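**Student:** Once you've had a glance at the structure underneath, I'll fire off some questions.
Just so you know, all these numbers are worked out from the coordinates, no wet-lab data involved. Keep in mind that this is a model prediction, so the values were computed, not measured. Glycine gets a Cβ as well: all are built from the backbone with ideal geometry, and neighbour counts include every protein chain shown.
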Amino acid sequence: MHIERRGTGPDLVMLHGWSMHSGVWSELAERLSERFTLHLVDLPGHGLTAWQSGAFELEKLLPTLAANLPQKAVWLGWSLGGLFSLAFAKQYPERVDKLSLMAATPRFVEDRDWPCAMQSKVFENFAASLDVDQQQTLQRFLMLQAKGADKSRETIRQLSERLATQHSPEPEALNAGLDCLLKLDMREALTSLNCPVQLLLGTRDTLIPVVMAEYARMLNPALQVVLLNGLGHAPFIAQAEECQQQIEQFING
């Protein structure tokens, strides 16, 4: 597993989202590295980490992360990385000092008792289109992340540039990641966590309705929610400075 380490200070693990790699954190990582030792993870099949069949199965992924990351750290997970961070914190509670969830939710797909999510057909359609045209599907996903948000064009441009800086993600890894978004349910994990948890959510996120924050607070009343006005699913691209300030305030608080 490829993990870039930079900066000095307390350990901070950063997990990227679906289809991206650790380079997506570029500006935010540069800011945070002034005060923290960052562990920038490339998830299996993304960036410089090779793919092995089944690598996103939690019984394989979580021990791999545990073997390659600090014994105790703050964790920051974006989108799919947030789901994996919740799963890690549940399995290894002694390893996670604090958990910051960036544009993440414990369940991405709606259910009768979880209406604050997307319909499953959205992810199923992405999975079907991957087999037809992977590049076009990834571009559609980038546009969806920024749609309707402030600085949407600039966000799409930067996400596209950062996606292009590494090898294309492995098709099997992309399909496995979509399967995780469809099936993983980390609501029990969020409920049971004893460490401080922060939720950073853009008010114009098209993948996660802003009302999800209220449902998440019902699961964990101690959850520290920060609503980022006008921002979408990649708030750290559009407003790296604001995200940096909120994360540092949470860690130091």
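**Student:** Obtain the nm distance between the two label points defined at Thr165 and Gln71 by a simple spin-label model: each point lies 7 Å from its Cα along the Cα-to-C-beta direction.
**Tutor:** 3.3
**Student:** Also, I was wondering about something else. Considering the dipole of the chain built from charges on the beta carbon (Lys and Arg +1, Asp and Glu -1) around the Cα centre, which of Ala222, Leu184, Phe84 is farthest to its positive end?
**Tutor:** Of the options given, the answer is Ala222.
**Student:** What does the charge dipole of the chain about its Cα centre add up to, to the nearest 20 debye, if the Cβ of each Lys and Arg holds +1 and the Cβ of each Asp and Glu holds -1?
**Tutor:** About 280 debye.
**Student:** Size of the range 16-143 along its principal axes in angstrom, Cα-based, largest extent first?
**Tutor:** 41, 34, 30
**Student:** A further question on this structure: Calculate, in nm to one decimal, what Arg157 and Asp113 gain on full extension: separation in residues at 0.36 nm each, minus their alpha carbon distance.
**Tutor:** So the extension gain works out to 12.2 nm.
**Student:** With an 8 Å cut-off on Cα pairs and a minimum separation of 6 or more residues, tell me the relative contact order of the range 3-252 in percent.
**Tutor:** 23
**Student:** Between Glu30 and Gln136, how many nm apart are label points set 7 Å from Cα along the C-beta direction?
**Tutor:** Modelled inter-label distance: 3.5 nm.
**Student:** Count the lysine pairs in the chain whose Cα atoms lie under 29 Å apart, taking only pairs 8 or more positions apart in sequence or on different chains.
**Tutor:** Lysine pairs satisfying the spacing and distance rule in the chain number 16.
**Student:** Moving to a separate point now. Could you give log10 I(q)/I(0) at q = 0.08, 0.12, 0.15 Å⁻¹ for the chain, computed by the Debye formula over C-alpha point scatterers of equal weight, without solvent?
**Tutor:** Summing over Cα pairs of the chain leads to -0.26, -0.62, -1.04.
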